[in-house]
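No lab work stands behind these numbers, since they all come straight from the coordinates. Every value quoted in this text rests on a predicted model; they were computed, and no experiment measured them. Quick reminder, even Gly has a Cβ in these numbers, built from the backbone with ideal geometry, and neighbours come from all protein chains shown.
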Amino acid sequence: MPDQPIRPFSPPTRMLMGPGPSDVHPRVLAAMARPTIGHLDPAFIGLMDEIKALLHYAFATANPLTMPVSGPGSAGMEACFVNLVEPGDTVVVCVNGVFGGRMKENVERLGATALVVEDAWGDPVDPMKVKAALAAHPGAKALAFVHAETSTGVESDAATLCRLAREAGALSIVDAVTSLGGIPVPVDEWGADAVYSGSQKCLSCAPGLSPVTFSPRAVAAMAARKGKCRSWFLDFALVTAYWGSGAKRAYHHTAPINALYGLHESLVMLHEEGLEAAWARHARCHAALVAGLEAMGLPLAVAPAHRLPQLNSVRVPDGIDEGLVRARLLERFGLEIGAGLGALAGKVWRIGLMGQSATPSHVLACLTALETVLSGLNAPIRPGAAVPAANAALFG
Ligand SMILES: Cc1ncc(COP(=O)(O)O)c(C=O)c1O
């Protein structure tokens, strides 16, 4: 033990504008602080049913198998692969950033073959390449891709990719960790088969839960498995005994009860606002942030047609130490933005406008702080232009 007494942890005040987590609304924090009850208490079962109904709304789906996995987005990812992919299967995996690479890793760890369709970091998945890969491998079990690549800020065309998978007789596995709540994720309209998300991005809940939804086709594929699911904890044949329908639920694992109170509250808030209004808020804040950044002289790294409103990759000016800028933003303004990853490390910052962090105040505070720090480092920017440009985009 250290010499000093260990005191209760009191987190510093932060404005979270990185790649997630995003700011969590006091209503969600208050919900998580309510008294813990038993995970088989009838009142808790009622809450679980409401969470499922709210997730049906958020995912725009009627899929009966729709629920939160007890674990972060990575657990949702793993749940999709481990339930649907068996040793010896072939899966076409699209890689255009960090998270596509993790999908490949999941496939390979299951003893299956990952056929990688690669696109440059900063570009969307190319449907023509995917079509060719599916045509070249007619027995492929699934097509896996990331809808919103958080490592780059790129949106891929999920509707087209899901259609290509269906036409090829393959299941679609879609990463919607960063997209859900920020841009449309119409699961049934896409005909997507397995979709997972995360609580800490545009849903603005605390991290640690992963909403998932599976189509009847995916459920049939699970039922037709040759062997048992390779994970006990994530095996949906077992998990659904707890998260299934009807009043009778069997113990599988002790649910993260207070975390689920928080998810419920964040989904209630999304429903109150309305999906369309939430998407419009993200788009409006994105337009203002981009207007401000460009007026300052900081270009975005992704072409306008493929930009995610909730994750903005901004080019670091030549000669500027990007880590020093982030450190100063945090120390001086309590503002967190993200670093570039992989191929974009050192070259971009990632500015998140997710959930509760997608507000005009966040945009204006971020532009002001960034301009102040960059001016202090004699960066080649245009001072004084960003905030007026963002205000004009916001308020006309
Ligand atoms: C696109 C994407 N997929 C998966 C994950 C993994 O989620 P988690 O960190 O909650 O495990 C993330 C997290 O940033 C993500 O952005």
What is the order of Ile381, Ile37, Ile6, Ile173, fewest Cβ neighbours within 10 Å to most?
Ile6, Ile37, Ile381, Ile173
Can you put Thr13, Thr152, Thr368 in order, fewest other beta carbons within 10 Å first?
Thr13, Thr368, Thr152
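Which FRET efficiency value, to the nearest 0.05, is calculated for Thr368 and Val268 with the Förster distance at 35 angstrom and r the Cβ-Cβ distance?
Values: r = 33 Å, r/R0 = 0.93.
It comes to 0.60.
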7 Å from Cα along Cα→Cβ at both Asp49 and Leu115: what's the point-to-point distance in nm?
4.5 nm
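Averaging the inverse of every distinct alpha carbon separation and then flipping it gives the Kirkwood radius. What is it for the range 274-396, in angstrom units?
Details: mean 1/r = 0.0694 Å⁻¹.
Kirkwood radius, the range 274-396: 14.4 Å.
At 0.36 nm per residue, minus the direct Cα-Cα distance, what do Ala62 and Thr160 gain on full extension? Give it in nm, one decimal, please. Numbers along the way, then the final one.
Values: separation 98, 0.36 × 98 = 35.28 nm, distance 2.05 nm.
Difference between extended and current length: 33.2 nm.
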Would you calculate the separation in nanometres between label points at Arg14 and Ser361, each defined as 7 Å from the Cα along the Cα-to-beta-carbon direction?
1.9 nm
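Classify the range 26-272 as rounded, prolate or oblate, taking a ≥ b ≥ c as the square roots of the eigenvalues of its Cα gyration tensor: rounded when a/c is under 1.5, otherwise prolate if a/b is larger than b/c and oblate if not. Numbers along the way, then the final one.
Numbers: a/c = 2.06, a/b = 1.49, b/c = 1.38.
In terms of gyration-tensor shape, prolate.
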Chymotrypsin sites (Phe, Trp or Tyr not before Pro) in the range 233-321 lying in a DSSP loop, each with at most 13 other Cβ atoms within 10 Å of its Cβ, come to Tyr251
Extension length gain for Ala345 and Ala327 (0.36 nm per residue less Cα distance), in nm, is 4.9 nm
